[in-house]
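Everything below concerns the one structure shown next.
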Protein chains: 2
Amino acid sequence: MKGFGDYLRKVREQRRAEDATFSVRQLAARVGVEPSYLSKVERGQQPPPSEKTIAALARELDLDPDVLLAMAGKVSGDLQAIIRNRPKLFADLIRQLKDMPDHAVLRLVREVRDGEW
Amino acid sequence: MKGFGDYLRKVREQRRAEDATFSVRQLAARVGVEPSYLSKVERGQQPPPSEKTIAALARELDLDPDVLLAMAGKVSGDLQAIIRNRPKLFADLIRQLKDMPDHAVLRLVREVRDGEW
DNA sequence: AGTAGTGTGTAGTATATGGTACACGCATGA
DNA sequence: TCATGCGTGTACCATATACTACACACTACT
């Protein structure tokens with residue numbers, strides 16, 4: 001499970017190839033943490049940061065926050081809030097979708113979005 | 001937001017009316033915590049316990065664990081794991097269902113369960 | 001009078017979380 | 001050579017989480 005830090009470093013280096021402001025120091029400054037902290041996170045010497053910091057990283061690096069949070073072993077607070085509002089409903093639904101293939105779930109997403117039901 | 005403790009106490013007292021083993025002390029023992037701790041939780045002097053302890057309480061009191069967890073401001077780890085496995089998919093779906101009425105979501109649950117799609 | 005069981009008050013604790021502060025050595029360019 | 005920026009090592013820290021341990025006062029029964 002060395003995913004989060006390695007991925008972060010990889011993406012940052014990619015951005016940096018085009019834009020020198022994606023150094024550890026400058027990115028850390030924009031994100032609002034100490035450079036040494038970000039460095040350690042990237043090398044897996046520290047566990048992934050808080051949701052807030054991860055969201056800021058996703059913004060700066062133009063990544064999907066939910067995906068980045070997932071790599072950090074977290075689920076965003078707003079999703080959790082939605083589930084907590086109607087726990088039985090959402091718990092049942094999610095557990096039933098657990099083993100469904102991606103395309104099936106995706107179809108559901110689209111059906112709901114397009115109001116075809 | 002005094003929900004969790006009050007609800008816990010209410011339900012425990014209900015059970016106790018029929019079964020004297022639902023005292024703070026005995027329930028605490030079965031659940032695996034100190035009586036004084038459970039007492040404080042019921043009176044809101046301590047924040048809700050861990051997911052593990054909440055699950056044990058739900059078992060003993062015959063409550064839905066997801067609902068009890070929700071009252072404690074939590075979402076069960078297994079649901080989170082399902083979401084983390086396919087974050088984009090589930091995040092999109094859940095956010096789209098956020099403002100849907102119960103019966104609509106419920107219909108979806110049933111459709112998936114019955115394979116009508 | 002004594003024993004058992006009840007709820008609760010006070011105090012303390014171990015571990016995790018999410019970082020900060022500062023200094024070091026290296027590279028680059030003026 | 002000297003300032004600037006770089007990544008990183010070491011040390012420390014504040015707050016939250018999730019409890020335990022123990023004593024106390026009360027009630028009910030025997």
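The values are calculated or read from the model by the stated rules, or taken from the named source; none is laboratory data. Note that the structure is a prediction, hence the values are computed from the model and not measured. Every residue, glycine among them, receives a Cβ derived from its backbone with ideal geometry; neighbour counts consider all protein chains shown. With ligands, DNA and RNA removed, areas are computed over all heavy atoms of the protein, side chains included. Shrake-Rupley method; radii C 1.70, N 1.55, O 1.52, S 1.80 Å.
If you go through region B:25-44 and pick out every residue that is outside any helix (DSSP H, G or I) and either modelled with pLDDT under 95 or more than 9 Å from DNA strand D (Cβ to nearest atom) (or both), you end up with 2.
Using the structure shown, decide if A:LEU38 is over 20 Å from B:ALA81 (Cα atoms), within 14 Å of DNA strand C (Cβ to nearest atom), within 11 Å of the chain's Cα centre (by Cα) and surrounded by 15 or more Cβ atoms within 10 Å (Cβ to Cβ). No: the conditions fail for A:LEU38.
Which of the following residues is over 11 Å from the mean Cα position of the chain (by Cα) and either at pLDDT 95 or above or outside the structural domain of B:ALA20 (by TED's automatic domain parsing) (or both): B:ASP78, B:ASP66? It would help to see each step written out before you state the result.
Values: B:ASP66 fails: over 11 Å from the mean Cα position of the chain (by Cα).
Every option except B:ASP78 fails the conditions.
Can you work out which of the residues in region A:11-20 that are more than 19 Å from the chain's Cα centre (by Cα) and exposed (fewer than 13 other Cβ atoms within 10 Å of the Cβ) is farthest from DNA strand D (Cβ to nearest atom)? So that I can check it myself, show each step before the final result.
In the first step, residues of region A:11-20 are kept if they are more than 19 Å from the chain's Cα centre (by Cα); the result is A:16-20.
Going one step further and asking which of them are exposed (fewer than 13 other Cβ atoms within 10 Å of the Cβ), we end up with A:17-20.
Working: A:ALA17: 12, A:GLU18: 14, A:ASP19: 11, A:ALA20: 6 Å.
Taking the candidates together, the pick is A:GLU18.
Condition (residue is open to solvent by 40 Å² or more (accessible area, probe 1.4 Å), more than 13 Å from DNA strand C (Cβ to nearest atom) and either more than 21 Å from A:GLY73 (Cα to Cα) or at pLDDT below 95 (or both)) applied to region B:51-61: is it met by at least one residue? Yes, that holds for at least one residue.
Any idea which of A:MET100, A:MET71 is facing chain B (nearest Cβ under 8 Å) and either modelled with pLDDT under 95 or surrounded by 13 or more Cβ atoms within 10 Å (Cβ to Cβ) (or both)?
After applying the criteria, what remains is A:MET100.
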